[in-house]
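Before any comments, here is the structure.
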Amino acid sequence: MSFEKEIKLVEELCMTPGISGFEEKIAEIIKRELKDVVDDIETDAMGNVIATKKGSSKKGPKVMLASHMDEIGLMVRYIDDNGYIKFSTIGGINDQMLMNQTVVVHSKNGDVTGVIGSKPPHITKPEERKKVVPFDEMFIDIGAKDKEQAEEMVSIGNPITFKSWFEAFPNNLIMSKALDNRLGCYVMMEVLKRVDSKATVYGVGTTQEEVGLKGAKVSSYKLNPDMAFALDVTLSGDHPGIKPDEAPVVIGKGPAVILIDASGRGIITPKSIRDLLIGTGENEEIPFQLEVSDGGTTDGTAIHLTKEGIPTGVLSVPTRYIHTTVSIASMEDVENTIQLIVAAINSLE
């Protein structure tokens, strides 16, 4: 199966900047793609995009699909006398991946390219070379000659994204920054385009997931659906350095149905949702994997604790090297994620 057309939209989503709190450009893509598909689109006070596709039955259930729009990134925190920028990290970033990255500062005057620098290895002590340089010892060089010139180019509080590129790999794999969670956004949009159900479906592009699941919390409170699904990515353990028991989900075997994440501190998927997703996958012969995770969590954690409680599941695309500029995922897994959630929603009475 060729994914040439699909990849173009995924590429646009990934290459469009949008760190936590600055998701507006991603929201515009979602609204553009869904304006002729859904019955209503609105943006709430938190910046969440809520697209509503009414079901064929007024008595049908209300289903929420949550896909966070934000990517990890940085923010200008301080400009020193020589024009170098000190920055804060926005979202979960491993300091090790920051060194020597090219970045883009998004200022009111336009985009400014910079590079992340640090003390060169030539003058570091032997014991220093064995340690990961912490981000607060790094800086961004935008080529400014001094503070005054730098302040003409950028300002405190400007968001910063990583400058990367999108690549189609063999075997229907793709490589890019921000697959977490532009893949989820793509899945959500495709589900709304394809679903034909008695259920009313709310596709929500949520904000600020990477910094506290904030958009999901307020949008689920507003919608109060009968059930919800967070659409995200998950670790793929099919590369060197990971033991199979540490991350058994792998690329190419379908989406991961999350049973538990964060060792139960996040979500413990209720039986009704487990049975719906697993039963649908088995009945429709759509490949999927089961995951019990000790690691992070998703918008599902915030949603399922809203109001009196909302039965919530999480469906995730296996992805290598999450939270870096070179994440890799399979378009076949993406397609199977779409097919599984569409079939599950269509089966609802």
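The values are calculated or read from the model by the stated rules, or taken from the named source; none is laboratory data. Note that the structure is a prediction, hence the values are computed from the model and not measured. Cβ: placed from backbone, ideal geometry, glycine included. Neighbour counts: every protein chain shown. Accessible surface areas use protein heavy atoms only, side chains included; no ligands, DNA or RNA. Shrake-Rupley method; radii C 1.70, N 1.55, O 1.52, S 1.80 Å.
A few notes on this one:
- Charge dipole (the chain, unit charges on Cβ, about Cα centre) - positive-most of Leu65, Phe22, Leu290: Leu65
- Scanning residues 5 or more positions from Val233 or on other chains, those with amide H under 5 Å from its amide H are Val317, with H placed 1.01 Å from N in the peptide plane.
- Distance between modelled label sites at Lys58 and Val292, nm, 7 Å Cα→Cβ extension: 4.6 nm
- Rounded accessible area per residue of region 158-300, 1.4 Å, Å²: 41 Å²
- A full extension of the chain between Phe3 and Thr43 corresponds to an added length of 11.4 nm, given 0.36 nm per residue minus the alpha carbon distance.
- Reach of Lys147 by Cα under 14 Å, taken over aspartates and glutamates that are not fewer than 8 positions away in the same chain: Asp80, Asp81
- Alpha-carbon Rg with Dmax, taken over region 150-287, Å: 18.2, 61
- Here's how it looks for Gly266: its modeled amide H is under 5 Å from those of Asp261, which are all 5 or more places away or on a different chain.
- For region 219-313, the spherically averaged projection of the C-alpha convex hull amounts to 6.4 nm².
- Surface share of carbon and sulfur [accessible, 1.4 angstrom probe, percent] for region 73-162: 49 percent
- Candidates per trypsin sites (Lys or Arg not before Pro) in region 259-349, loop by DSSP, up to 16 other Cβ within 10 Å: Arg265, Lys307
- The string of couplings for region 224-235 from the Karplus curve (6.51, -1.76, 1.60, θ = phi - 60°) is 6, x, 6, 7, 8, 9, 8, 10, 8, 10, 9, 5 Hz, one whole number per residue in order, with x for Gly and Pro.
- Neighbour cut-off at most 11 other Cβ (10 Å), DSSP loop, chymotrypsin sites (Phe, Trp or Tyr not before Pro), region 150-254: none
- Note on percent of Cα pairs over 34 Å apart: of the candidates [x] 22; [y] 26; [z] 30, the value calculated from this structure sits at [y].
- Check: region 214-312 dipole with +1 on Lys, Arg Cβ and -1 on Asp, Glu Cβ, in debye: 480 debye
- Surrounding net charge for Gly254, when Lys and Arg each add one and Asp and Glu each subtract one, Cβ distance under 10 Å: -2
- Atom-type composition of the exposed protein surface of region 281-342 places 46 percent of the accessible area on carbon and sulfur (1.4 angstrom probe).
- Prolate/oblate/rounded label for region 270-309 (Cα gyration tensor, a/c 1.5): oblate
- Cross-link pairs beyond the 25 Å C-alpha cut-off, checked among Lys31/Lys53; Lys177/Lys222; Lys54/Lys222; Lys5/Lys59; Lys119/Lys145; Lys86/Lys145: Lys177/Lys222; Lys5/Lys59
- Distances between placed amide hydrogens fall under 5 Å for Leu65 paired with Tyr202, Gly203, Val204, Phe229, all partners being 5 or more residues away or on another chain.
- Each residue was assigned an accessible area with a 1.4 Å probe, and for Leu65 the value is about 0 Å².
- Length available on full extension from Asp95 to Asp245: 0.36 nm per residue minus the Cα-Cα distance, which gives 51.4 nm.
- Using the Cβ-Cβ distance between Val115 and Glu28 with R0 set to 25 Å, the FRET efficiency from 1/(1 + (r/R0)^6) comes to roughly 0.30.
- Cα gyration tensor of region 73-162 - equivalent ellipsoid semi-axes, whole Å, descending: 23, 15, 10
- Neighbourhood net charge (13 Å Cβ-Cβ; Lys/Arg +1, Asp/Glu -1) for Gly114: 0
- Residue-count net charge about Arg32 - beta-carbon cut-off 12 Å; Lys, Arg +1, Asp, Glu -1: -1
- Put a dot 7 Å past the Cα of Ser272, heading toward its Cβ, do the same for Lys108, and the two dots end up 5.0 nm apart.
- Of all complete DSSP H helices in the chain, those with a Cα span along the helix axis of 20 Å or greater and a mean Kyte-Doolittle hydropathy of 0.0 or more are 179-194, 331-346.
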